[in-house]
Number of protein chains: 2
Amino acid sequence: MTRATQVSQMTEARPRLPESLTRYGERVQAEFGSALPNGPPNGSMELAGPFRYHLGWADRQGNHLERPTEQGKGLRPSLCLFACQALEGNWVMATPAAVSLELIHNFSLVHDDIQDGDEERRHRPTVWRLWGEPKALLVGDAMHAIAYQAASRLARRGVPEAKALRCSRLLVESCLAMIKGQVQDLRHEDDLDAGLESYLEMIRLKTGALIQCALEIGALLATDDAGRVAAFARFGHHLGRVFQIRDDVLGIWGNEARTGKAGKGSGNDIRRRKKSLPIVLAFETAGGRRRGQLASIYRKESLNREDVDRVMELLDVLETRRRAQELIEAEAVLALKSLEAARLSAWARGEADSLVEFLVTREH
Amino acid sequence: MTRATQVSQMTEARPRLPESLTRYGERVQAEFGSALPNGPPNGSMELAGPFRYHLGWADRQGNHLERPTEQGKGLRPSLCLFACQALEGNWVMATPAAVSLELIHNFSLVHDDIQDGDEERRHRPTVWRLWGEPKALLVGDAMHAIAYQAASRLARRGVPEAKALRCSRLLVESCLAMIKGQVQDLRHEDDLDAGLESYLEMIRLKTGALIQCALEIGALLATDDAGRVAAFARFGHHLGRVFQIRDDVLGIWGNEARTGKAGKGSGNDIRRRKKSLPIVLAFETAGGRRRGQLASIYRKESLNREDVDRVMELLDVLETRRRAQELIEAEAVLALKSLEAARLSAWARGEADSLVEFLVTREH
């Protein structure tokens, strides 16, 4: 990289997207195409339309978009395929699992948007906003069901049946963990005393389990060496924390134009009274008077601009942003340390470094 | 059976519950127990509580019910285990698949109740009514995910891995068909011209696919004889129609106390403007003036008592109840005829006869 590009990127304050996050996209999309709900013309587009729209491949009329721009990062499938390739596996064989991970993630987003009444995602109206809640519920259910086609698709691709079944079990278990985490998150928001430990357990389930699963399955499809697979699983555990805590930071201080969510950033997660990490830290570290102020704001039914500003001020005073970023960086170190047991090539190690750096510093 | 019990049963106008619908219940429940979301105490009951409540094993406080009374019929798991036993298979080995079928059915009910805003199911408040929509959505999602543990559980029980994967594929495909059918159903309700053919396609997907899958998987786990498996699949196809059309009849003329749904029966499906079979038949057979009346009622945003009474009158005049029951009986004949290729024992054949008779005449 030339010094000039480095500087221009720094000006943008946007970290380089690691190769792994772009390398596998086309392959995943091709695999997706064959996994989509087709079948009889009657009714199939009714489901496939919103399905393709949510994934960023079609506009709301169902017209195919040649250059989809609002697709999400494809983090989970990329991690899966990267793990497979990093351990010298045949990563193309692993694409059904990668697709499954992306579908599990996306079904949860479609349902989440209904739950939270969110009107925008990735700079576009959400599925329920365009097609109504009943249809959006079913679109999410269909994504969820299709995700579990992975096992038979892996077997058809030549993965031994016992291994395909093991992948299937990991997918179901991590999806269940994600759902348990979402349930804890619902409770968490009403609990002013939920501390750091409870927060970390919640995100381990809600976010970490699927990211860990992505890396574990990718590794498993490349090797029978349990030690190397376990190294990727631990890598995923720490990466999940890096990802979610950075997400929480962006949810308060992020830039709306980049995150793609209406009102994301500028204290948006505060307005919604989300108990994200900076708030958890603030409650844990605030002294008597400040804690009282925070608590009285968080006990309100809804927060106005003044409340949000006051919370932002308190977060500043308590230096929660710095502390959150320190936590992220500590987890990043642990993530990379976990990978040592995987004995990676120089290419794979470099790619992992770049992935971690991206997740630590990303702005969207 | 003595003549006295026969007469007392006729007085109740309640057909005998076939042995298959009671025989397998305990086994299925034991299997369910081990499939439920447990894990760390933190958060597990939050999910398991509503989960057990919906399945009829717990009250709303999560207390175990020794004698669950409002559990649903367990039709799909019973059909699966019956098919396996009827073909001399080891039906206990098939229980993970039976549980999966019941979970797929029940996740769709939990989500359906949210969609339709239904406040009561099986004589009790619905999950969303007690725990709110966000939690109910997640409870349904968890049931759906757990359903796909079937494949690895079957393999652990000694089912060959290739066959376990085939069962898994059938489960996903029938669940997707069910969802497509639900999407068609949403559209169907706004379409006054949707005729019998479109109705039959919709219920083939919405209801038939999972019932067919239950019988097909049960048969598959007993035998490698493709002809006998196909016979059970066709049996299921027709049984699905019998079941759904009878459901539609009960939705208009059924007795609320028996069906367990608030307002079910007494024209309830009319009040909700559901395009169930009697209405489809009425639109197809009504002449000019009567069709005009029906259409003007069905174009309204909501129907009052007078509208419902007028539709009930028209259904009477057009003899739709008799015609619906004739359709049910014709499908019952086809169902039993399909089974001939399965070459069943006298016991199994008798049981199938009794199952079909129950579904043709059931009052709940």
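The values are calculated or read from the model by the stated rules, or taken from the named source; none is laboratory data. Treat the numbers as computed from the prediction; the structure is a model and nothing was measured. Cβ coordinates were reconstructed from backbone atoms using ideal geometry, including for glycine residues, and neighbour counts include every protein chain displayed.
Candidates are the residues of the range A:120-129 that are over 16 Å from A:ARG76 (Cβ atoms) and of a type outside the set (Asp, Glu); the one that is farthest from the other protein chains (Cβ to nearest Cβ) is A:HIS123.
Each row is one residue, and each column tells you yes or no for (1) in a strand (DSSP E or B); (2) among the basic types (Lys, Arg); (3) more than 15 Å from A:PHE107 (Cβ to Cβ); (4) at pLDDT below 95.
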{"site": "A:ASP185", "(1), (2), (3), (4)": "no, no, yes, yes"}
{"site": "A:ASP190", "(1), (2), (3), (4)": "no, no, yes, yes"}
{"site": "A:ARG204", "(1), (2), (3), (4)": "no, yes, yes, no"}
{"site": "A:GLY208", "(1), (2), (3), (4)": "no, no, yes, no"}
{"site": "A:LEU215", "(1), (2), (3), (4)": "no, no, yes, no"}
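Being more than 8 Å from chain A (Cβ to nearest Cβ) and closer than 13 Å to B:LEU221 by Cα holds for only one residue in B:LEU192, B:LEU81, B:LEU165, B:LEU109, and it is B:LEU81.
Sub-7 Å Cβ pairs linking a first residue in the range A:341-364 that is within 18 Å of A:GLU326 (Cα to Cα) to a second residue that is in a loop (DSSP other than H, G, I, E, B) and of a type in the set (A, V, I, L, M, F, W, C), at least 6 apart or interchain, are A:PHE358/A:LEU17; A:GLU363/A:ALA13, ordered by first then second residue. Among the residues of the range A:112-130, those identified as crowded, with 21+ Cβ neighbours inside 10 Å and either in contact with a Phe, Trp or Tyr (Cβ under 9 Å, 6 or more places away or on another chain) or modelled with pLDDT under 95 (or both) are A:ASP113, A:ILE114, A:ARG121, A:VAL127. Within the range B:146-162, if we keep just the residues that are more than 13 Å from B:ILE104 (Cβ to Cβ) and within 7 Å of chain A (Cβ to nearest Cβ), the residue that is surrounded by the most Cβ atoms within 10 Å (Cβ to Cβ) turns out to be B:ALA151.
Only one of the listed residues (B:ARG246, B:ARG228, B:ARG241) is more than 17 Å from the chain's Cα centre (by Cα) and part of a helix (DSSP H, G or I). That residue is B:ARG228.
Residue selection: B:VAL92 satisfies the criterion of being surrounded by fewer than 24 Cβ atoms within 10 Å (Cβ to Cβ) and of a type in the set (A, V, I, L, M, F, W, C). Annotation note: of A:GLY140, A:GLY117, A:GLY132, the sole residue that is touching a helix residue (DSSP H, G or I) at 6+ places or on another chain (Cβ under 6 Å) and more than 7 Å from every other protein chain (Cβ to nearest Cβ) is A:GLY140. Scanning the range A:330-345 for residues that are in a helix (DSSP H, G or I), loosely packed, with under 15 Cβ neighbours inside 10 Å and of a type outside the set (A, V, I, L, M) turns up A:LYS337, A:GLU340. Determine whether B:HIS105 is under 20 Å from the mean Cα position of the chain (by Cα) and on the phi > 0 side of the Ramachandran plot. No; evaluated as a whole, the condition is false for this residue.
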